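Enquirer: First the structure, then my questions, so here it is.
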Amino acid sequence: MAREVRSIRRQALPNGLTIITEQMPHIRSASIGIWLETGSRDEDAEWNGISHFIEHMVFKGTQHRTAEEIARQVDSIGGNMDAFTAKECICFNVKVLDEHIPTALDILSDLVLNPVFDAADIVRERGVILEEIKMDEDNPDYLVHEIFTQNFWKDHPLGKPILGTKETVKRFERQTVLDAYARRFVPGNIIVSAAGNLDHERFVELVTRQFEHMKPMKNGFHSSAPKIAARIILRNKKALEQVQLCLGVPAHPIAHEKRHAGYVLNTLLGGGMSSRLFQNIRERQGLVYSIYSDLNPYRDTGCLAVYAGTSLASAAKVVQSVVSEFRKLKTEAVQEEELRRAKAQLKGSLMLSLESSTARMSNLARQEMYFERYYDLDELIERIEAVTAEDLANLANEFFKTEAVAVTVLGNLPGLKITRGQLAC
């Protein structure tokens, strides 16, 4: 297979803003993202949810466009505009045909640079987000993860919900929003990334025109690393038919040198239909409909978590079966055939995930944020190929310790008990 050479170029403006592009000449689209290197983990507890609130508010109108004009102009060029807030970043992005790049960047920059934060809009949007919070609380799969996260990184901003809470959101006033916006939207904190059929020099010119007036300022955030609490939490919610389970252990940060072994371990454990959790707990024992594991790495910490939905009668058995998979990974060497399969699955999903311009644009921004360099696919594949069965056993012994396993159970739980002894791995 021929090596794929990515044509990635990076440039920093004098005020500290970073521009990264990747040319993909074989497609007709381009995706542009304006990324802020700060998210919900950089909020004070009393203003939890403010980053997500600002992300919503910028769409409500700017000094040059009403909310309706923003929507109409994006539609008139056939564009697709979106935004999201995460624990460590906020992103505003748009995907358009290559000929509409100047218009798309103009609209996107306007949102980010000139929001009006109208007081009446703020009141309305508080109501919208309170509904969003209720909607999420009605979703048991989401709720069990949220309770798990809040207890895993207890009393740390990383454990707090991205949306905020009913109490914090109700307190958001115009001045709060303006203050939070002014501290976050500074050039040292912004990455503009783009991928698709575009010309780097031309794109840098367009971005410079929009952003060069910003005064240099660094992002003064970056909260300290959280302490991890391995707690057993049973939360009663009588209305639920199923019992929702989340079991997790501390894992490595995003840029850790053993991260590729972590990806392989996660794939093998619960990353698909051929994974051990799916095959053993769903297919052989028939105890669950849904079960999977997830690796959530951050700047300075991480978590490997297993999720399952089951009946009250089977809950203890599912916990026992998951823990027994942890134990096997520590004590029995992974067979060559299974290791090869997990690597092939991981490589396949990596390649497929980088096919679209939007995925490439995100990939560029994340690599800039966490690595300050760009890995091409071939390098990633070589790193994955280099992972050995011994690496996996070492990692399993590092991750899966009885005292480090945290558990959250959500549902109608009469008579259910989970003890530390049941988590012995």
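Enquirer: Hey, any hits in segment 33-45 for a residue that's surrounded by fewer than 19 Cβ atoms within 10 Å (Cβ to Cβ), farther than 27 Å from Glu368 by Cβ and among the acidic types (Asp, Glu)? I'd like the intermediate steps shown before the answer.
Expert: Taking segment 33-45 as the starting set, the residues that turn out to be surrounded by fewer than 19 Cβ atoms within 10 Å (Cβ to Cβ) are 44-45.
Filter once more, so that each one left must be farther than 27 Å from Glu368 by Cβ: 45.
If we keep only those that are among the acidic types (Asp, Glu) too, we end up with none.
Looking for residues that are surrounded by fewer than 19 Cβ atoms within 10 Å (Cβ to Cβ), farther than 27 Å from Glu368 by Cβ and among the acidic types (Asp, Glu), one finds none in segment 33-45, hence no.
Enquirer: Give me the helices (runs of 4 or more DSSP H) completely within segment 12-114, filtered to those with at least 3 residues that are under 30 Å from Pro253 (Cα atoms) and in the same structural domain as Glu132 (by the TED database), ordered by residue number.
Expert: Numbers: elements: 50-57, 67-76, 101-113.
Fully inside segment 12-114 and qualifying: 50-57.
Enquirer: Quick test for you: out of Leu178, Leu163, pick the one residue that is in contact with a strand residue (DSSP E or B) (Cβ under 9 Å, 6 or more places away or on another chain) and in the same structural domain as Thr21 (by the TED database).
Expert: Details: Leu178 fails: in contact with a strand residue (DSSP E or B) (Cβ under 9 Å, 6 or more places away or on another chain).
Going through Leu178, Leu163 in turn, the sole match is Leu163.
Enquirer: Residues of segment 147-193 being closer than 30 Å to Asp106 by Cβ, part of a helix (DSSP H, G or I) and within 22 Å of the chain's Cα centre (by Cα), which ones?
Expert: Ala180, Tyr181, Arg184, Gly188, Asn189
Enquirer: Do the conditions hold for Val144, that is, is it part of a helix (DSSP H, G or I) and either assigned by the TED database to the domain that holds Met24 or of a type in the set (D, E, K, R) (or both)? Walk me through how you get there before you give the answer.
Expert: Details: part of a helix (DSSP H, G or I): yes; either assigned by the TED database to the domain that holds Met24 or of a type in the set (D, E, K, R) (or both): yes.
Considered against the rule, which asks whether it is part of a helix (DSSP H, G or I) and either assigned by the TED database to the domain that holds Met24 or of a type in the set (D, E, K, R) (or both), Val144 comes out as yes.
Enquirer: Sticking with this one: Going through segment 114-133 one residue at a time, which ones are without any contact (Cβ under 8 Å) to a residue 40 or more places away in the chain and more than 21 Å from the chain's Cα centre (by Cα)?
Expert: Scanning segment 114-133 gives Ala120, Val123, Arg124, Gly127, Glu131.
Enquirer: Now, a different point. Among the residues of segment 75-111 satisfying the criterion of being among the aliphatic types (A, V, I, L, M) and within 30 Å of Pro226 (Cα to Cα), which is least open to solvent (accessible area, probe 1.4 Å)? Steps first, answer last, please.
Expert: Just the residues of segment 75-111 that are among the aliphatic types (A, V, I, L, M), to begin with: 77, 81, 83, 86, 90, 94, 96-97, 101, 104-105, 107-108, 111.
Pick out the ones that are also within 30 Å of Pro226 (Cα to Cα) and you get 83, 86, 90.
Working: Ala83: 17, Ala86: 27, Ile90: 1 Å².
Only one residue fits best here, namely Ile90.
Enquirer: While we're on this one: Test of understanding: among Ala344, Ala315, which residue is touching a residue at least 40 places away in the same chain (Cβ under 8 Å) and either out of contact with any Ser or Thr (no Cβ under 7 Å at 6 or more places or on another chain) or more than 14 Å from Leu265 (Cβ to Cβ) (or both)?
Expert: Numbers: Ala344 fails: touching a residue at least 40 places away in the same chain (Cβ under 8 Å).
Going through Ala344, Ala315 in turn, the sole match is Ala315.
Enquirer: Can you work out which of the residues in segment 64-74 that are in contact (Cβ under 8 Å) with a residue 12 or more places away in the chain and open to solvent by 50 Å² or more (accessible area, probe 1.4 Å) is farthest from the chain's Cα centre (by Cα)?
Expert: Top of the filtered list is His64.
Enquirer: Restricting to segment 378-419, give me the number of residues that are within 30 Å of Ser7 (Cβ to Cβ) and open to solvent by 20 Å² or more (accessible area, probe 1.4 Å).
Expert: Of the residues in segment 378-419, 8 are within 30 Å of Ser7 (Cβ to Cβ) and open to solvent by 20 Å² or more (accessible area, probe 1.4 Å).
Enquirer: Would you confirm, using the coordinates I've provided, whether Gly61 is open to solvent by 20 Å² or more (accessible area, probe 1.4 Å) and either without any contact (Cβ under 8 Å) to a residue 40 or more places away in the chain or over 30 Å from Tyr370 (Cβ atoms) (or both)? Walk me through how you get there before you give the answer.
Expert: Numbers: open to solvent by 20 Å² or more (accessible area, probe 1.4 Å): no; either without any contact (Cβ under 8 Å) to a residue 40 or more places away in the chain or over 30 Å from Tyr370 (Cβ atoms) (or both): yes.
For Gly61, the condition - open to solvent by 20 Å² or more (accessible area, probe 1.4 Å) and either without any contact (Cβ under 8 Å) to a residue 40 or more places away in the chain or over 30 Å from Tyr370 (Cβ atoms) (or both) - is not met.
Enquirer: Output the residue which, of all residues in segment 251-291 that are among the hydroxyl-bearing types (Ser, Thr, Tyr) and either within 22 Å of Leu158 (Cβ to Cβ) or exposed (fewer than 14 other Cβ atoms within 10 Å of the Cβ) (or both), is nearest to the chain's Cα centre (by Cα). Lay out the reasoning, then the answer.
Expert: The first filter runs over segment 251-291 and keeps only residues among the hydroxyl-bearing types (Ser, Thr, Tyr), leaving 263, 267, 274-275, 289-290.
Applying the additional criterion that residues be either within 22 Å of Leu158 (Cβ to Cβ) or exposed (fewer than 14 other Cβ atoms within 10 Å of the Cβ) (or both) yields 263, 289-290.
Values: Tyr263: 15, Tyr289: 25, Ser290: 21 Å.
Ranking the qualifying residues of segment 251-291, first place goes to Tyr263.
The values are calculated or read from the model by the stated rules, or taken from the named source; none is laboratory data. Treat the numbers as computed from the prediction; the structure is a model and nothing was measured. Virtual Cβ from ideal backbone geometry, glycine too; neighbours counted across all protein chains shown. SASA here: full protein model, heavy atoms, side chains in, ligands and nucleic acids out. Shrake-Rupley method; radii C 1.70, N 1.55, O 1.52, S 1.80 Å.
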